[in-house]
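To start, the structure under review is shown below, and the notes come after it.
The values are calculated or read from the model by the stated rules, or taken from the named source; none is laboratory data. The structure presented is a predicted model; accordingly, all values stated were derived computationally and were not measured. Using ideal geometry, Cβ is built from the backbone for each residue, glycine included, and neighbour counts are taken over all protein chains shown. Surface accessibility is based on the protein's heavy atoms, side chains included, excluding ligands, DNA and RNA. Shrake-Rupley method; radii C 1.70, N 1.55, O 1.52, S 1.80 Å.
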Amino acid sequence: HTPTALAQVLTLVDDICYYSGDRSVDFGWYTRRVGLATIMKMTELYFLQDKSPGHAQTWEFLKTRMDEAVQLQMMLSQTEGMTHTFQRSFNSAFITARNILGLGYNRN
């Protein structure tokens, strides 16, 4: 069931970004979606073990991860040293993985 679960997570993350106004088509498209998926899954695993009242520790965990993501995004946006070759390779790897999993991104 792994391909189906991964496809659902990627579709959910893509929908979250899309409906929150992210219409980018640059390298940031990938970093935002991978980052959001990572944060979602890390928080979900943390939540499953959280016994604090009102899951307060999970909320704090999520806040910390989001703060870290913002800091990382700011650092990446300041670093313009990425080469065009690296960007193309990363894009190609992502498209290949999507095609292997049979994921389509048809927006209606």
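Observations on the structure shown:
- Some residue of region 4-21 being open to solvent by less than 60 Å² (accessible area, probe 1.4 Å) and not in a helix (DSSP H, G or I): yes
- Sub-7 Å Cβ pairs linking a first residue in region 9-20 that is closer than 13 Å to residue 32 by Cα to a second residue that is of a type in the set (Gly, Ala, Ser) and part of a helix (DSSP H, G or I), at least 6 apart or interchain, are 10/37; 13/37, ordered by first then second residue.
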